[in-house]
Amino acid sequence: MSALGRILMVEDDPKDVMLTMTALEEYNLANEVVLVRDGEQALDYLYSRGSYAGREGESPAVLLLDLKLPKVDGLEVLRTIKSDEKLKMIPVVVLTSSREEKDMVASYQLGVNAYVVKPVDFHEFVNAVKELGVFWAVVNEPPPGSARKR
Amino acid sequence: MSELGVNVDGDAVGRPALRSFVSSWAGYGIAVLSVALALLIALGLEKLGVPDVAFPLMLLAIALTAWFSIPRAAIVALLLACLGFNFFFTRPFGSLVVSAADIPFYIAFTLLASLVAWFSATRRRIEEELRSSRDLLRNEVAERTLREQEIRTLNDALAERSKALQATNQELEAFAYSVSHDLRAPTRHIVGFTELLLKGAGAVLSDRSRQHAAMILESAQRMGTLVDDLLEFSRIGRVDTRKTMVGVQQIVQEAMSEVARQIDGRDIEWRIGPLPLVYADRAMLRVVLVNLISNAVKFTGTRARAVIEIGSTEPDPEHVVIRIRDNGVGFDMKYVGKLFGVFQRLHAMEAFEGTGIGLATVQRVVHRHGGRIWAEAAIEQGATFYFSLPKSAGATP
């Protein structure tokens, strides 16, 4: 692997965090994952403010975003990112339990880069997470200014 | 005139009674009184040196009688007026003798008085008719207002109910949304962690324990399918259909590739006839065909060579009937009524897996298109499912 982009994971459910991290670990993608637990933290991270004040300015190579989040929900985070000139280039992947069409439509209308419904089957889930990780953190060339480990 | 209007206005119900009273004796009373009054005034005025007022006063008395009373009373008034005239105002005064010279005068008076009485009575009658039609109109207006009020009340009730329905619908949607989100997550976790457990500790577990873990996996996966199927079922009831002209042929191809995994190297002979265009919601029609084709594949699982036939007929110019026939295990026609119910299964779980929601969803889609679905089968002799759809936008269900 030539370079590994930083993955910002926004997920409040510790079980989902564990499962996703396990899947990423299997493919050595877990090291560059930054985990935040709600929408507010995610925005704090991106804007280098609050508990992330003083963080160096690089953006993540991809944002894995759950929709149902405490405080500020996923769609709100997505709206903020995609309406900010500086942040809107960050690829955002919605990774959610919801199969609801209305969430999907809303996400795409806000300009999401990919929408993945977490499969119930674990092998499918691992595959989905792996493919996401490999594509967005390794294969895809992120916009300039993204954190990327050579 | 306006005074009269006010009088009558006040008592619309009492008027007919009053009139029938007036029309009998009071009518003649009015005749006598008005003529007597006219005579008195005429005599009085003559005494005061105003001559020749008797004639117009008499006419007035007759007109008043005609106005307020019945024609018969007016005739009485006319006779009385002639007598009074004769007695008081024509020579010889104080007697009822009529001189030949006065006869033309009496004829003229009678004709004129009759004319005046006739005018007066007609005028009165027209006025009465106008008044009664006005009352009729007023009643009608009142009735209409009442009816309008009723309609408004009903409308309000309807609006209320539709609001309640909308609230229920929203609740249902919120419920489905919550199921979609909150029920799938723990199911996924059970599957995930059981897999991880098996992977990490599978070697040290006894065969029995591994079997238990496999059971957990199977159940959780089944629950996941169940949740997804129920969501699909509920979604089809909630969303609007977006109908266009769609080719059944292409959707059948798509459905076949979707069930390809289920086929898993089995020997299946597909007989797919020419299929028509229908007016339907593409995604929903796909759900129907995936379910029916998947069923056909599933229930021919025990056949060495499965034969699945998909064809169509046109029973009338507006509809098409699509049929899916298989040579599978079939079912007892005794239970055909249960076929399309939610959670209804006609086979043991071990024999053929399934949630029992598929055909309920299929039926819902077909009904939402104004179509019909039915099936024919015999035990061990295959099953045929038929459903009808409109051929064009204008077709009546």
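The values are calculated or read from the model by the stated rules, or taken from the named source; none is laboratory data. None of the values given here were measured: they were computed from a predicted structure. Quick reminder, even Gly has a Cβ in these numbers, built from the backbone with ideal geometry, and neighbours come from all protein chains shown. The area values use the complete protein model at the heavy-atom level, side chains included, leaving out ligands, DNA and RNA. Shrake-Rupley method; radii C 1.70, N 1.55, O 1.52, S 1.80 Å.
Taken along the Cα-to-beta-carbon direction at a fixed 7 Å, the label points for B:L111 and A:M18 span 12.5 nm. Amide H to amide H distances under 5 Å link B:H319 with B:K391, where only residues 5 or more positions off or on other chains count and H is placed in the peptide plane. Per residue of B:222-230, other chain Cβ atoms within 10 Å of the residue Cβ number 1 on average. Build a GNM of chain B with springs between Cα atoms under 10 Å apart, and of B:V179, B:V227, B:V76 the one that fluctuates most is B:V76.
A 1.4 Å probe over all protein chains sorts B:M284, B:M215 by accessible area into B:M215, B:M284, starting with the largest. For the protein assembly as shown, a simple Cβ point-charge model (Lys and Arg +1, Asp and Glu -1, everything else neutral) yields a dipole of about 860 debye relative to the Cα centre. A Gaussian network model of chain B, with springs between Cα atoms under 10 Å, assigns the largest mean-square fluctuation among B:A280, B:A304, B:A360 to B:A304.
Cα convex hull of the protein assembly as shown: mean projected area in nm², to one decimal? Mean orientational projected area (the protein assembly as shown, Cα hull): 52.9 nm².
The spread of Cα positions in the range B:169-272, taken along each principal axis and listed from longest to shortest, comes to 59, 47, 16 Å. The residue list B:T361, B:Y386, B:G247 was ranked by how far each Cα lies along the charge dipole of the range B:242-390 toward its positive end, using unit charges on Cβ atoms, and B:T361 comes out on top. Here, P(r) means the percent of Cα pairs in each 10 Å bin from 0 to the largest distance; for the range B:259-385 it is 12, 45, 36, 7, 0. Take B:262-274, A:13-25 and order them by the average number of nearby Cβ atoms within 10 Å per residue, most first; the result is A:13-25, B:262-274. Each residue of the range B:120-128 is assigned a 3J(HN,Hα), and the resulting list reads 4, 5, 4, 4, 4, 5, 4, 4, 4 Hz, derived from the Karplus form 6.51 cos²θ - 1.76 cosθ + 1.60 (θ = phi - 60°), x at Gly and Pro. Overall dimensions of chain B, expressed as equivalent-ellipsoid semi-axes from the Cα gyration tensor (√(5λ), whole Å, largest first), are 105, 26, 15. The distance from the alpha carbon centre of the range B:290-339 to that of the range B:135-162 is 54 Å, rounded to a whole number. The largest-to-smallest principal axis extents of the Cα set in chain A are 39, 37, 25 Å.
For chain B, the 222 nm mean residue ellipticity estimated from helices alone, with every DSSP H stretch of n ≥ 4 adding -39500 (n - 2.57) and the total spread over all residues, rounds to -20500 deg cm²/dmol. Projecting the Cα atoms of B:S34, B:S257, B:V307 onto the dipole axis of chain B, where Lys and Arg carry +1 and Asp and Glu carry -1 at the beta carbon, places B:V307 farthest toward the positive end.
Evaluate the Debye formula for the range B:277-340 with equal point scatterers sitting on the alpha carbons, no solvent, and hand back log10 of I(q)/I(0) at q = 0.30 Å⁻¹, in q order, two decimals. Values, matching the q order: -1.23. Quick check: the distance between the Cα centres of the range B:190-267 and the range A:59-90, to the nearest angstrom? With the range B:190-267 and the range A:59-90 each reduced to a Cα centre, they are spaced 31 Å. Across the range A:63-109, the volume of the C-alpha convex hull divided among the residues equals 70 Å³ per residue. Over the whole of B:183-194, what's the average partner chain Cβ count within 10 Å per residue? Rounded to a whole number, please. The per-residue average across the peptide is 6.
For chain B, the relative contact order works out to 10 percent when only alpha carbon pairs closer than 8 Å and six or more residues apart are counted. Under a 5 Å amide H cut-off, with hydrogens placed 1.01 Å from N, B:R372 pairs with B:S388 among residues at least 5 apart or on other chains. Which listed residue (B:L64, B:S234, B:L198) has the Cα farthest towards the positive end of the charge dipole for chain B, taking +1 on Lys and Arg C-beta and -1 on Asp and Glu C-beta about the Cα centre? Selected residue: B:L198. Computed over the range B:56-150, the alpha-carbon pair-distance distribution with 10 angstrom bins reads 16, 32, 20, 12, 9, 6, 3, 1, each value a whole percent.
Give me the percent relative contact order of the range B:242-390, please, defined on Cα pairs under 8 angstrom at least 6 residues apart. The normalised contact order for the range B:242-390 reaches 24 percent. Each residue of the range B:157-171 was assigned a 3J(HN,Hα) from its phi angle through the Karplus curve 6.51 cos²θ - 1.76 cosθ + 1.60 (θ = phi - 60°); the sequence is 4, 5, 4, 4, 5, 5, 5, 4, 5, 5, 4, 4, 4, 5, 4 Hz, with glycine and proline shown as x. The dipole here belongs to the range B:155-212: it is taken about the Cα centre, uses +1 on the Cβ of Lys and Arg and -1 on the Cβ of Asp and Glu, and is about 400 debye. For the set B:K243/B:K334; A:K118/B:K163; A:K86/A:K130, the pairs lying more than 31 angstrom apart at their alpha carbons are B:K243/B:K334; A:K118/B:K163.
Per-residue mean of foreign Cβ neighbours for A:16-25 is 2 (Cβ atoms of other chains, 10 Å radius).
Most tightly packed first, judged by the mean number of other beta-carbon atoms within 10 Å of their residues, the peptides B:37-44, B:132-139 read B:37-44, B:132-139.
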